[in-house]
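Laboratory data are not the source of any read-out in this text; all were calculated from the coordinates shown. Here the structure is a predicted model, which is why all the values come from computation and not from measurement. A quick note on method: Cβ atoms are made from the backbone with ideal geometry, for glycine too, and the neighbour counts reach across all protein chains shown.
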């Protein structure tokens, strides 16, 4: 009797492990699809950028109700004019799950900036005394909305952090703006 119970327990455990493995495979497939679609979007954007009037680099980044940007890296040439559009692909309101795009200068501690920004609700979660910390930012938007900002990329080559400054989002919604 003990052998039957032990065998059934092992069979059940193996079944659960096998099911879990399939979920991981599906997640990886979805991840590959997402990466593939991001690659396609980047290629499309590159073509749009080369056709853009007067050399304006057009970039699009999306934020979701899952507190994620769809891109972790954006690349531009030093000194280029950039037109960046943030799209909120979720459905939640600006008050519940607002997003913005904030490009920080090199050397700015993004977590400290995020904490400071959390107290600036009246100013779209951009501290009024941000000064040279911020290169550019979009408006705070809610589900289904978009916001565009035009700015000149820094002349200094290197990596710059970008974040969403809505309270608590900076830990997950961040990436690198690479100036070549």
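Structure summary
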read-out: Residues within segment 142-167 that are closer than 30 Å to residue 91 by Cβ and touching a residue at least 60 places away in the same chain (Cβ under 8 Å), tallied; value: 12
read-out: Subset tally (residues that are surrounded by 17 or more Cβ atoms within 10 Å (Cβ to Cβ) and either under 14 Å from the mean Cα position of the chain (by Cα) or closer than 19 Å to residue 78 by Cβ (or both)) for segment 142-174; value: 14
read-out: Search result, residues across segment 74-122 that are in contact with a helix residue (DSSP H, G or I) (Cβ under 9 Å, 6 or more places away or on another chain), in a helix (DSSP H, G or I) and farther than 17 Å from residue 168 by Cβ; value: none
read-out: Among (1) assigned to a loop (DSSP other than H, G, I, E, B); (2) in contact with a strand residue (DSSP E or B) (Cβ under 6 Å, 6 or more places away or on another chain), the one test that residue 149 misses; value: (1)
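Residues checked against (1) buried (at least 18 other Cβ atoms within 10 Å of the Cβ); (2) farther than 20 Å from residue 144 by Cα; (3) in contact with a strand residue (DSSP E or B) (Cβ under 8 Å, 6 or more places away or on another chain); (4) without any contact (Cβ under 8 Å) to a residue 60 or more places away in the chain:
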site: 60; (1), (2), (3), (4): yes, no, yes, yes
site: 76; (1), (2), (3), (4): yes, yes, yes, no
site: 83; (1), (2), (3), (4): no, no, yes, no
site: 94; (1), (2), (3), (4): no, no, yes, yes
site: 103; (1), (2), (3), (4): yes, yes, yes, no
